[in-house]
Structures are given as C-alpha cells and as structure tokens.
Amino acid sequence: NRDLHFWLGNNWYPFIFCILKEFFLRGRFIFGPDVRSIFLTIFLIVAPVVAFCVFVARHLIDDFPGDWGISVMVVVVVFTVYDLTLLLLTSGRDPGIIPRNTHPPEPEGFDGSNDSGVQTPQQLRLPRTKDVIVNGISVRIKYCDTCMLYRPPRCSHCSICNNCVERFDHHCPWVGQCIGLRNYRFFYMFVFSTTLLCLYVFAFCWVYIIKIRNAESLSVWKAMLKTPASIVLIIYCFLCVWFVGGLSVFHCYLMSTNQTTYENFRYRYDRRVNPYNRGVLNNFLEIFCSRIPPSKNNFRARVTVEQGLQQTRVASRGFMSPNMGKPVGDLEMGRKPVPWDEPRTAADIRDLEAGLGGFLDEKEGRLTHASPDLSRDDLPADLMEGRAGTHSRRSSWVNRTGTSESVDSMNAQIIAAWEAIQSDPVH
C-alpha cells in the first residue's frame, strides 16, 4: 500500500531488519552501502587489460607461430571475465547476515516465574556475554544490542553494513561488501586471480619488449622507449601485485590456520589455543570444498503489513538488553558511548511520528497524490483524536526516561491507521 509505505519509511526495524544494503534484481543481488566503489575496482581491472590488448597483445599475434599469437589475447580476455565474475559473486552475495530479532531473547532456563513471584530489573536484564563450547574449548560470545541477539561464535557486527555477519572476516571497501561465511571463498579466488592477471600482463609486456629488442637489434632501454604503453603497464602491474599478491599470501596463511582477519588482529591465536584449527589440509578443505550454507534471509519475500504489526505486538516478557538504560559503546563498531535507547528507540519514534503526521496530512488532501474526495470528516473519530495527541506529545515522547509507553502509543497509532486504510473504500 503506497500510503502505508509513505509513513512507515525505512527505519522501522521490525519491518526492515536489514538496513544499509543495496538490492538489485528483486533481491537476487545484495550489495553493501559502498557499492559504488565496485565501479572503481572494475575500472582498475578493465582499463589495463584494454591497454594491454590494444598496445601489446595485438602486436604479438604475428610474432608467435600458429595460433599461439592470438591465444595471448584470448587468454587475457577470458581471464578478465573470470576475474570480474568472481568480483560480482563476492560483492553481490549475502555474506552471512543474521536476521535481527524484534525483541530481546529470553534467558536459557527461564520458566516465567521466580521464588518471590516478582521479577526485579536485575533478573530481567540479560547477561552481556555467554560461554559456549567449541571443539571442547570454551568460547565467549557477546550480546549485540543492535540486532538483539547473542552472536554465534566467529560472528561480529559490521559497523559499515550495520549487520551481524557469520564468520566475519572484514569489510572490504574494494568490493563494497562484508566478507563472511558465504562469500569468503569467492573473495580469495578473486584476489588470487587478480594477482595472476597482473603477473600475466607484466610478463607479456616484457616479452613484447624483448621481441622489439631482438627484431631491431636495440638495447633494452631503447626497446622500452619504442613501447611506452608497456612501461606504464609494467609499473602499474608491479605496484598492484604487491598489494593483491601480499593479500593473497596473508589470506593463505589465515586459511592454513583457520583464522579470520578480525580474529588475527583482535584475539592473536599465537598466544592461546585456536578452537577452530583442524589442521592445514582440513582447513583448506573447509574453505574450498565444504557446502556453502543457504542464506538465512529471503530478500525476495514481501513482508505484509499484518505480519509487521503482529511483530510489534509480540510479547518479550519484559526482558531488557544488557546495556538498556546504560551508556554503552561498541568497540567493534568504533562508536562513542551513548544511551542504549537513544540510537534506536528515539530515532525510530521521531521517524514514525513524522511519517504518521504526514500520512494523516495526506488523508486530508494536503499532498498532491492524496485522494481528492477525502477530508477530515471521512476519517474515524478515534484516529483524529490520536492525531491530536500526536502533535501535543511530540516534545515529550523522545525525552521520556522510559520508552514502553511511547512504543505502545505508537503501536496503537499504527493499528488505528491501518484499520482506517482497510475501511476506506478508495484504497
């Protein structure tokens, strides 16, 4: 419904659980918020290859017997297409996003009552960390205040994509995507194939220079002056191979020890036991030969309004996140300490409040695309009373110390607005 989408917006987290993502082809491709950087990466790959084909490979076609000359250009074109395909698989794939909860989870072993029959705030507050056993070794997992869930082992929250990602490695700005459980394999193959592509262009530029030297009986330096494009490509590939080649070697080491980039820089497994290390061979088999798990999100599914409203009414038994009401700072996200309910509750209430006001204005015919035959008299009396209360309480909603009353009031406004839409014959 167009009207409902207008005032719900894109910040109401029970409806849109995965923010800061770009979707294409109806959810078949999911990119990070910095997806534009992928065009720079494509340019840095394609431009040198085009220059190589025009100024180097084209002249080598007649310098090799048989079809070997044309194969130089065919190989570099095919290898470039393969490299770009791996880039797309890395950047346009769900890296392993864990769906958010709409309310904090219940503690393990909770039976709904205690000895005194009264639950204190301390009893209702969820623990900040939990210990789980991985391969016989105790591993501590943390609670994510943003996603309202306990992160599985090796999971971390990306500050750029604002999502918890399984087996989080890092966020790569060159591909514009998080690198995690479901795209790490393609990421390494992309980096390694880019390294091979640089070495290929670098080598055949030297072959072309040697051909010129032998054909014209010149020195190497004079032969290089005959083909300035080869000099530029040699310097470019030499610089790039240090970057992508070094990255390939580093990730090869990480795979051999079954670490992620995040774990390597944060936990330093050389000082303690790595619970995920299964031996060099098994570690490589886990990366390249294991089955990639399916995505936990159906990005192509449509969320109906009834489902969204039902989620807002789901009871959470009053359990609070560990940092609710406390100044918190997420070290992994690199943010300054702020009140727990400020970034999510207050902002969402302001957005919904403004959107609801705009929706009611639209119902009165104040927007250009509103139905012309609707007026204030056509709206239910309870909805108009709710709207009056909305404007009178704007300054008090966000400043309250507790947010349960404001959320309940907003849910009532949402339900009343939806019922008004359902009963309106125009819609």
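The values are calculated or read from the model by the stated rules, or taken from the named source; none is laboratory data. This one's a predicted model, so the numbers in the text were calculated from it and none came from an experiment. Virtual Cβ from ideal backbone geometry, glycine too; neighbours counted across all protein chains shown. Side chains included, ligands, DNA and RNA excluded: accessible areas come from the protein's heavy atoms. Shrake-Rupley method; radii C 1.70, N 1.55, O 1.52, S 1.80 Å.
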### Task
Set the Förster radius R0 to 35 Å, insert the Cβ-Cβ distance between TRP68 and ILE235 as r into 1/(1 + (r/R0)^6), and round the FRET efficiency to 0.05.
0.85
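Compute the signed sum of charges (Lys and Arg +1, Asp and Glu -1) over the other residues within less than 13 Å, Cβ to Cβ, of SER219. List each step's numbers first, then the result.
Values: positive: ARG213, LYS222, LYS226; negative: GLU216.
Surrounding charge for SER219 is +2.
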### Task
Could you calculate the contour length gain from TRP242 to VAL132, that is, 0.36 nm times the residue separation minus the distance between their Cα atoms, to one decimal place in nm?
35.6 nm
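Hey, can you find the accessible area per residue of region 123-227 for me, probe 1.4 Å, expressed in square angstrom? Display every interim value, and only then the final one.
Working: 4460 Å² over 105 residues.
About 43 Å² of surface per residue is accessible.
Keeping every protein chain in place, order ASP67, ASP83 by accessible area at 1.4 Å, biggest value first, i.e. largest first. Write out the running numbers ahead of the final one.
On the way: ASP67 125, ASP83 0 Å².
Putting ASP67, ASP83 in descending order of accessible area: ASP67, ASP83.
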### Query
Ignoring ligands and nucleic acids, what accessible area does HIS59 show with a 1.4 Å probe (Å², nearest 10)?
70
### Task
Averaging sequence separations of C-alpha pairs under 8 Å and six or more residues apart, then dividing by the length of region 168-238, give the relative contact order as a whole percent.
24
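Quickly rank 217-223, 282-288 as a protection proxy: mean count of other C-beta atoms within 10 Å, highest first.
Details: 217-223: 12.1, 282-288: 14.1.
With the highest mean Cβ count within 10 Å placed first, the list reads 282-288, 217-223.
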## Note on the structure
One finds, for TYR253 and CYS289 with R0 = 22 angstrom and r their Cβ-Cβ distance, a FRET efficiency to the nearest 0.05 of 0.70
### Task
Compute the signed sum of charges (Lys and Arg +1, Asp and Glu -1) over the other residues within less than 9 Å, Cβ to Cβ, of ARG182.
+1
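In the neighborhood of TYR208, defined by Cβ-to-Cβ distances under 11 Å, what is the net charge if each Lys or Arg adds +1 and each Asp or Glu adds -1? Intermediate values should be presented prior to the final figure.
On the way: positive: ARG58, LYS211, ARG213, LYS226; negative: ASP63.
That sum, taken over residues with Cβ under 11 Å, equals +3.
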### Message
Among 236-248, 128-140, how do they line up by average Cβ neighbours within 10 Å per residue, starting with the highest?
### Response
236-248, 128-140
### Query
Once label points are set 7 Å from the Cα along Cα→Cβ at both VAL139 and LEU199, what is their separation, rounded to one decimal in nm?
3.3
